[in-house]
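Asker: Attaching a single structure in structure tokens format; questions to follow.
The values are calculated or read from the model by the stated rules, or taken from the named source; none is laboratory data. Note that this is a predicted model, so its numbers are computed, not measured. Please note: Cβ atoms are built from the backbone with ideal geometry, for glycine as well, and neighbour counts cover all protein chains shown. Please note that ligands, DNA and RNA were not included when accessible areas were found on the heavy atoms of the full protein model with its side chains. Shrake-Rupley method; radii C 1.70, N 1.55, O 1.52, S 1.80 Å.
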Amino acid sequence: MALVGFVLVAPACSGSDDAGVGAPDDGVVAEAATGGGRLDTDLRAAESEDPGDGDQEDADGADRAVDERPPDGTVVWVTGTEPADLHLDDPANGLTVTAWIREGLLESLFGVGPDLTYHPELLAAEPTITDLDDAAVAIEYRLRSDLSWSDGTPLTAEDVAYTHRILTEGCQVEADGSILDSSAQGCVYLTGNRLGIDQVTDFEVLSDTEFRVTMAGFYPDWRRLWSPVLAAHAHGDDADTVNRRLRTFIGSDGPLPSSGPLRIERWERGGSMLLVANEAYHGANGPGADGADGADDGDPVEAVRIDFVPDPGARVAALVDGRADLLFERSQVGHRVLIDDGAIDAVAAAGPDYDHVGLNLLNPHLAEPEVREALVTAIDKEALIEAVYRPLVGADGEVASQGNTYWLAGQPAYVDHQQGYVAADPEAARALLEGAGYVADDDGYRHPERGRLRLRLATIGGDPLREASQEVLIEQLADAGVEVVADNPAGGRFFREGPFAPDALLASATGGDDGDPALWDLALFAWAGGPWPGAQSGVYRNGSPGNPYGFSDAEFEVLAFECDAVVDDGERADCYNELDRFVTTLRGGDIGDEVATGTEVEPPAGVSAGLFMIPLVQRPFLLAYRSDRLLGPPEPSASIRGGPLALASAWVLADAES
């Protein structure tokens with residue numbers, strides 16, 4: 001099933017889509033409000049005072065417990081947040097758990113593999129792209145010939161055309177037949193993202209398995225379009241009906257049909273959801289689809305019961321005592337008991353988002369390139385990982401440091417642009433400060449014009465891992481003589497009062513002429529990543545609602561548009577890496593001409609010095625399952641990236657007598 005791409009959402013607890021690799025950390029998929037990048041955050045949690053990771057308790061479910069064991073053949077997945085509905089595209093939803101559930105129900109033209117690259121899912125092969133006149137392109141697609149909905153109805157090209165019609169219903173149309181500039185004006189279907197769809201001027205069904213799309217201009221994330229594919233015979237005759245039916249996943253004849261390995265049997269609100277095997281399933285297509293090791297020794301999973309249990313301790317206890325079989329969530333302190341339990345297999349892997357320290361370029365101290373370089377020189381990313389994350393995932397758990405804001409470590413195009421700052425060098429950091437005119441005294445450093453170098457580091461109050469990371473960072477910076485103090489608004493206040501406060505964003509967009517440029521100095525939060533990182537460019541564009549950093553660079557703006565127009569995947573990936581150098585390195589003049597560490601070379605007038613983000617670490621997720629019940633996921637990293645239901649058809653029950 002297709003993964004939700006990287007997005008920037010508000011940094012409170014969770015994640016979003018078209019701004020790029022971004023998203024603050026914990027689980028929403030909301031992109032529209034950030035200008036492109038996705039913050040990894042659960043917007044519902046962000047709006048509350050609870051800083052959790054989307055697993056906050058509610059008045060009706062605080063004491064909810066896992067029911068007794070279901071019949072043989074049923075796997076129990078225990079998770080925290082129960083979605084209000086299953087309309088994932090609706091900006092009012094966007095919860096990560098909704099995406100995970102939908103992964104088992106609805107498939108897309110392309111899926112996303114463990115390395116966060118696209119692969120054909122409903123398609124038989126990669127489409128063919130043809131350049132036309134005036135920058136237009138035509139893309140020809142061919143579906144697999146054996147596709148079927150769970151009710152036995154063939155899944156054909158007409159379903160894809162229907163999906164396009166629903167997405168564009170009511171939208172204002174331009175003279176060339178495309179909808180108006182990705183605007184939602186008049187559009188009926190609820191979604192925060194029609195980018196790419198707005199380029200389509202013609203959609204032609206050629207046969208049951210073939211269709212051709214003409215676009216006014218190339219859209220770099222074209223593989224994401226029409227995800228997921230909807231059922232023309234069941235989802236509704238109009239977009240209003242589709243909106244209504246997707247919320248409950250109920251149609252005129254009962255539960256909506258599925259194209260994934262599972263279908264909904266029933267949903268007991270406030271307790272659980274039962275998904276059963278789709279007997280008409282056409283089979284998974286992608287990494288891990290061949291099944292688990294030892295698959296011949298066990299029976300396939302017949303059903304998955306999802307128990308919604310807000311209390312993290314109760315979820316862990318359910319797995320330990322055998323009332324649940326599977327737990328999948330962001331790694332946290334309470335998971336250590338699972339890693340040490342001999343009856344439980346626990347796989348930790350880097351998740352699809354990364355924490356970073358963002359720098360406010362409007363701060364008088366941080367406006368100096370040498371000060372910014374001193375900060376990154378003083379930080380030891382590997383030491384941070386060992387102190388904060390290694391105890392959570394064990395010696396064999398995967399935790400990846402990060403040195404790029406467009407690509408995640410592990411993706412084929414990833415380049416660590418901050419590899420020169422892997423280990424802390426406090427003395428080099430002090431030399432940089434002193435070279436910039438700062439004078440050391442008993443309290444740290446002082447500048448004759450800017451005064452004492454004292455910075456605030458804000459993160460989401462009540463998030464134990466972030467606060468632990470914050471403590472390590474403050475200690476590392478103190479070793480270099482930089483005084484940093486914690487400033488942690490709880491829950492949604494981080495977004496309302498910190499870098500994403502309206503006055504902070506206004507200051508960023510105007511270079512400090514309007515708004516309040518002094519609301520924050522440093523901020524620790526997350527952006528989400530995905531197979532197409534170009535949306536991250538939207539975070540850095542001048543005036544973007546996702547750009548709190550005060551960054552503005554005309555050369556970057558031009559190159560960002562040029563990168564998105566490159567059709568070749570490899571060349572486009574290299575172009576995005578050049579864009580990342582504006583963000584993670586000190587630049588002077590042409591791309592690639594970096595300011596050498598420790599020198600006093602100033603960037604040319606009108607060119608940003610860069611280095612306003614310090615990527616730190618990909619936050620790990622834990623997939624834990626009872627080895628006496630399951631042989632294990634066929635591709636653990638695929639399950640980490642796509643959610644536990646992405647490869648449900650390949651799960652195998654352990655032999656009870658083995």
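So that you can scan it fast, the table gives a plain yes or no per residue for (1) among the aliphatic types (A, V, I, L, M); (2) open to solvent by 30 Å² or more (accessible area, probe 1.4 Å); (3) at pLDDT below 95:
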| position | (1), (2), (3) |
| --- | --- |
| 589 | no, no, yes |
| 636 | no, yes, yes |
| 647 | yes, no, yes |
| 650 | yes, no, yes |
| 658 | no, yes, yes |
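Asker: Within the range 131-160, restricting attention to residues that are part of a strand (DSSP E or B) and touching a Lys or Arg at 6+ places or on another chain (Cβ under 8 Å), which residue is farthest from residue 235 (Cα to Cα)?
Answerer: Step one: of the range 131-160, the residues part of a strand (DSSP E or B) are 131, 137-143, 148, 154.
Narrowing the set further to residues that are touching a Lys or Arg at 6+ places or on another chain (Cβ under 8 Å) leaves 138-141.
Values: 138: 28, 139: 26, 140: 25, 141: 23 Å.
Among those that are part of a strand (DSSP E or B) and touching a Lys or Arg at 6+ places or on another chain (Cβ under 8 Å), it is 138.
Asker: If a residue counts only when it is touching a residue at least 24 places away in the same chain (Cβ under 8 Å) and more than 36 Å from the chain's Cα centre (by Cα), which strands (runs of 3 or more DSSP E) contained entirely in the range 416-464 have at least 3 such residues? Working first, answer last.
Answerer: On the way: elements: 439-441, 444-447, 454-458.
Of the strands (runs of 3 or more DSSP E) lying wholly inside the range 416-464, those with at least 3 residues that are touching a residue at least 24 places away in the same chain (Cβ under 8 Å) and more than 36 Å from the chain's Cα centre (by Cα) span 444-447.
Asker: Only one of (1) open to solvent by 50 Å² or more (accessible area, probe 1.4 Å); (2) in contact (Cβ under 8 Å) with a residue 60 or more places away in the chain; (3) outside any helix (DSSP H, G or I) fails for residue 365. Which number is that?
Answerer: Residue 365 satisfies every listed condition except (1).
Asker: Test residue 375 against the criterion of being farther than 28 Å from residue 332 by Cα and more than 23 Å from the chain's Cα centre (by Cα), and give yes or no. First the steps, then the outcome.
Answerer: Numbers: farther than 28 Å from residue 332 by Cα: no; more than 23 Å from the chain's Cα centre (by Cα): yes.
The answer is no for residue 375.
Asker: Residues of the range 304-315 being aliphatic (A, V, I, L, M) and buried (at least 23 other Cβ atoms within 10 Å of the Cβ), which ones?
Answerer: To start, the set of residues in the range 304-315 that are aliphatic (A, V, I, L, M) comprises 304, 306, 309, 314.
Scanning the range 304-315 gives 304, 306, 309.
Asker: Another one. Given the criterion open to solvent by 50 Å² or more (accessible area, probe 1.4 Å) and touching a Leu at 6+ places or on another chain (Cβ under 8 Å), identify the matching residue among 266, 245. It would help to see each step written out before you state the result.
Answerer: Numbers: 245 fails: open to solvent by 50 Å² or more (accessible area, probe 1.4 Å).
So the residue among 266, 245 that is open to solvent by 50 Å² or more (accessible area, probe 1.4 Å) and touching a Leu at 6+ places or on another chain (Cβ under 8 Å) is 266.
Asker: Kindly list the number of the only condition in (1) within 30 Å of residue 132 (Cα to Cα); (2) over 24 Å from the mean Cα position of the chain (by Cα); (3) crowded, with 24+ Cβ neighbours inside 10 Å that fails for residue 554.
Answerer: With respect to (1) within 30 Å of residue 132 (Cα to Cα); (2) over 24 Å from the mean Cα position of the chain (by Cα); (3) crowded, with 24+ Cβ neighbours inside 10 Å, residue 554 is out only on (3).
Asker: Got a number for residues in the range 248-260 being open to solvent by 10 Å² or more (accessible area, probe 1.4 Å), assigned to a loop (DSSP other than H, G, I, E, B) and in contact with a helix residue (DSSP H, G or I) (Cβ under 9 Å, 6 or more places away or on another chain)?
Answerer: Qualifying residue count for the region: 1.
Asker: Taking the range 387-422, which residues are open to solvent by 40 Å² or more (accessible area, probe 1.4 Å) and over 27 Å from residue 536 (Cβ atoms)?
Answerer: 387, 390, 391, 395, 396, listed by residue number.
Asker: When you scan the range 190-202, do you find a residue that is farther than 19 Å from residue 230 by Cβ, free of Cβ contacts under 8 Å to residues at least 60 places away in the same chain and assigned to a loop (DSSP other than H, G, I, E, B), even just one?
Answerer: For the range 190-202, residues farther than 19 Å from residue 230 by Cβ, free of Cβ contacts under 8 Å to residues at least 60 places away in the same chain and assigned to a loop (DSSP other than H, G, I, E, B): absent.
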